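Read the structure below first, then the notes.
The values are calculated or read from the model by the stated rules, or taken from the named source; none is laboratory data. It should be emphasised that the depicted structure is a prediction, and the values quoted were computed from it without experimental measurement. Please note: Cβ atoms are built from the backbone with ideal geometry, for glycine as well, and neighbour counts cover all protein chains shown.
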Amino acid sequence: MSVQPIDCDRALASAAPAQAEAPAHPPLVLCTSILASSLAFIDGSVVNVGLSAIGQDLAGRGADLSWVINGYLLPLSLLLLLGGALGDHYGRKRMLLAGIAVFALAAPLCAWAPQLSVLVAGRVLQGMGAALVLPNSLAILSATFEGKNVAKRSVSGRRPAPRPGQSDHCWAAG
């Protein structure tokens, strides 16, 4: 028994994959991705430096202070894959900006926390924002700089000159 594909299946199977347009400003994409990722990574570690001062200001003990760190790291690690999936579904740029917004809105809550439980709640929100920021900033970076000559293209924003004996058309072929 042979099955003949219908016409729309043939057209779909023979269609070339869509090529995404290259971003207009690759260096800006690179800087934005670095800063967004740094936001999440630095915030995860900088609190360790001030943990003793936080404990003194908010009358926290060692076990309570561990929740200041864990309140950030647990939602970040639990929701990281979900943040990437949301970026695939709703758009990476949109989820990156949403993550930065959640993170930034939670920052004053952490800064002005009158007690340790409010600080931990703010850190949980920041972890949720970071779970949106990290996978989407890296996915945007990966989508922007794929293919050959990535390092040369990322710094200058321009394509490299062809090597001797290589035509300019080789660049377009990948």
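Filtered by the rule that a residue be touching a residue at least 40 places away in the same chain (Cβ under 8 Å) and either hydrophobic (A, V, I, L, M, F, W, C) or surrounded by fewer than 19 Cβ atoms within 10 Å (Cβ to Cβ) (or both), the stretch 89-113 gives 93, 95, 96, 100, 103, 113.
Residues checked against (1) at pLDDT 90 or above; (2) under 24 Å from residue 100 (Cα atoms); (3) touching a Leu at 6+ places or on another chain (Cβ under 8 Å); (4) surrounded by 12 or more Cβ atoms within 10 Å (Cβ to Cβ):
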| position | (1), (2), (3), (4) |
| --- | --- |
| 32 | yes, yes, no, yes |
| 36 | yes, yes, yes, yes |
| 44 | no, yes, yes, yes |
| 55 | yes, no, yes, yes |
| 59 | yes, no, yes, no |
| 62 | no, no, no, no |
| 65 | yes, no, yes, yes |
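So which residues in the stretch 49-67 are within 17 Å of residue 124 (Cα to Cα) and among the acidic types (Asp, Glu), if there are any at all? Residue satisfying the conditions is 64 alone. The set of residues in the stretch 110-149 being farther than 17 Å from residue 81 by Cα and among the hydroxyl-bearing types (Ser, Thr, Tyr) consists of 117, 144.
When residue 75 is tested against (1) surrounded by fewer than 17 Cβ atoms within 10 Å (Cβ to Cβ); (2) under 30 Å from residue 143 (Cβ atoms), exactly one condition is not met: (1).
Across the stretch 88-106, a minimum of one residue is classified as in contact with a helix residue (DSSP H, G or I) (Cβ under 9 Å, 6 or more places away or on another chain), at pLDDT 95 or above and of a type in the set (Asp, Glu).
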